[in-house]
1. So which strands (runs of 3 or more DSSP E) stay within the stretch A:117-233 end to end and still have 1 or more residues that are within 10 Å of another protein chain (Cβ to nearest Cβ) and surrounded by 15 or more Cβ atoms within 10 Å (Cβ to Cβ)?
2. Test of understanding: among B:Glu98, B:Glu52, B:Glu107, which residue is surrounded by fewer than 24 Cβ atoms within 10 Å (Cβ to Cβ) and under 29 Å from B:Glu202 (Cβ atoms)?
3. Which of the residues that make up the stretch A:187-233 are small (Gly, Ala, Ser) and at negative phi?
4. Being over 26 Å from A:Gln172 (Cβ atoms), part of a strand (DSSP E or B) and within 13 Å of another protein chain (Cβ to nearest Cβ) is true for just one of A:Val59, A:Val74. Which residue is that?
5. Can you give me the number of residues within the stretch A:1-50 that are of a type in the set (S, T, N, Q) and either modelled with pLDDT under 90 or in the same structural domain as A:Ala213 (by TED's automatic domain parsing) (or both)?
6. Which numbered condition trips up B:Met44, out of (1) surrounded by 12 or more Cβ atoms within 10 Å (Cβ to Cβ); (2) modelled with pLDDT under 95; (3) farther than 19 Å from B:Asn167 by Cβ?
7. Exactly one of these conditions fails for A:Tyr36: (1) in contact (Cβ under 8 Å) with a residue 24 or more places away in the chain; (2) within 28 Å of B:Ala46 (Cβ to Cβ). Give me its number.
8. Can you pull out the residues in the stretch A:19-51 that are at the interface with another protein chain (Cβ under 10 Å from one of its Cβ atoms), crowded, with 16+ Cβ neighbours inside 10 Å and among the β-branched types (Val, Ile, Thr)?
Amino acid sequence: MTNDNINREVQRPVRELVVPGDLLDTGKLKAGNGTYVVDGNIYASQLGIKSVRSNYVNVIPLGGRYIPHQGDTVIGKVIDLGPSNWLVDINSPYPAPLHVNEVPWRVEFGDTARYLYVGDVLLSKILIVDETKRVQVTMKEPGLRKLQGGQIIDISHSKVPRVIGKGGSMIQMIKSYTNCRIFVGQNGRIWLDGEIDNIVYAIRAIRMIEEEAQTMRLTERVKEYLESVFGSE
Amino acid sequence: MIDENGLRLDGRKSNELRPIKIEAGVLKRADGSAYVEWGKNKVMAAVYGPRECHPRHLQDPAKGLVRCKYNMIAFSVSDRKRPGPDRRSVEISKIISEALEYVVFTEQFPRTSIDVYVEVLQANAGTRCAGLTAASVALADAGIPMRDIVPSVAVGKIDDTVVLDLNKEEDNFGQADVPMAIIPRTGEVLLLQMDGHMTYGELQQAFDMGFEAAQTIYDLQKDALKRRYAVEGAVDEEENGEEE
């Protein structure tokens, strides 16, 4: 029991499960995500966990659909073609067109099928989202590309930060143990490629994170699991 | 229907609810769900969405739509209920949709619809209230931003007495049935119907009685959601992270 340990206990933000309509604060803090304000009082608008950060009260949601935000990296699936665009399913309520100007190739008008076809999977980025939630995605950035081979699994988008871990620690650990190539999209889609057995172990580890997302010492337990499979490094 | 001790057919006092059990997140494939047992009523609610609204002409570029479908299963009543929508279930679908639409922040999801399905597995009077109670828990479980959770109860009049939460017999042979739904914190009324006759004074008395009972149901709803996501410990440190 070091001093350090005690300090951490004190400083850790209070974790409190809130449901819509719960009073979060009476005006000292600012209203953040997942909240709404009536008469200067801040209430939760979503089921989630209350968190106070730099004077903002937020509710970290526990579920819900993925709502696209500008700059998110997402894994999309081509669902339709037009003469000058593809329609990409990004696992949100809104379909996202990918215009030919936003791909790294020069595409003739009407020649979209030669480059990407229905069923293809892309690593792409949300270019813009306007106020009526019209979305556009782009592939014109380094690292964005068509994903070939591999497997895709879906998790809840609210669990994505857990899967990635602080500074990418969790995903890095899974990658180094399983030797898989993994991409995690902000929309809750995860693409994995590698040795088939290793993919299965990686998926199991991710499912474990998904199920136990709100518990403590998750990284350690995932590590224990991976070590039980692969032996300690 | 009320004996000399002031007790009702099933032994309840005039302001007593039937036993209520609420469970959240019972269906895996829906985005959110809830199951309610309310006396002999058994109601299941499932929420899908927000999702792309079909048919397209119903889409609203300014806000999302809350669409509810209330359905009684054929075996929910003692005489087989002929399946399919009828006048009654269309009405109940409409009033539940409208009550929920008011509390959901629909403007955050333009051009989408949030679909709520309420299935009555077993009916014993007061299913619209049980349905709405379940539906609002299911909405919260689906992670949809909303002002508050909606509790709903029925009040009524039997043997010239105002009583809470009518059961089947009381509903059939009573004088009035008043289903209501409110937002407890603000006192806003989301649903108020009346079938039968009551004096103004009786209605006021009934309303107060319902308001009080709604608080109890509200607490049960919150408790159901909290049980579903019982947090063992705490994490916040491992947050944050970009792609790859």
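1. Numbers: elements: A:121-129, A:135-138, A:151-154, A:181-184, A:189-193.
Here the list reads A:121-129, A:181-184.
2. Checking each option against the conditions leaves just B:Glu98.
3. Taking the stretch A:187-233 first, the residues small (Gly, Ala, Ser) are A:188, A:194, A:202, A:205, A:213, A:228, A:231-232.
Hits for the stretch A:187-233 are A:Ala202, A:Ala205, A:Ala213, A:Ser228, A:Ser232.
4. Only one candidate passes the filter, namely A:Val59.
5. So the first thing to find is which residues in the stretch A:1-50 are of a type in the set (S, T, N, Q), and the list is A:2-3, A:5, A:7, A:11, A:26, A:33, A:35, A:41, A:45-46.
Going one step further and asking which of them are either modelled with pLDDT under 90 or in the same structural domain as A:Ala213 (by TED's automatic domain parsing) (or both), we end up with A:2-3, A:5, A:7, A:11.
Looking only at that region, the number is 5.
6. Only one criterion in (1) surrounded by 12 or more Cβ atoms within 10 Å (Cβ to Cβ); (2) modelled with pLDDT under 95; (3) farther than 19 Å from B:Asn167 by Cβ is unmet by B:Met44, namely (2).
7. Going through (1) in contact (Cβ under 8 Å) with a residue 24 or more places away in the chain; (2) within 28 Å of B:Ala46 (Cβ to Cβ) one by one, A:Tyr36 breaks only (1).
8. Listed by number, the residues that qualify are A:Val19, A:Thr35, A:Ile49.
The values are calculated or read from the model by the stated rules, or taken from the named source; none is laboratory data. Computed from a prediction, not measured in an experiment: that's the story for all the values here. Here the Cβ is made from the backbone with ideal geometry for all residues, glycine too, and neighbour counts use every protein chain on show.
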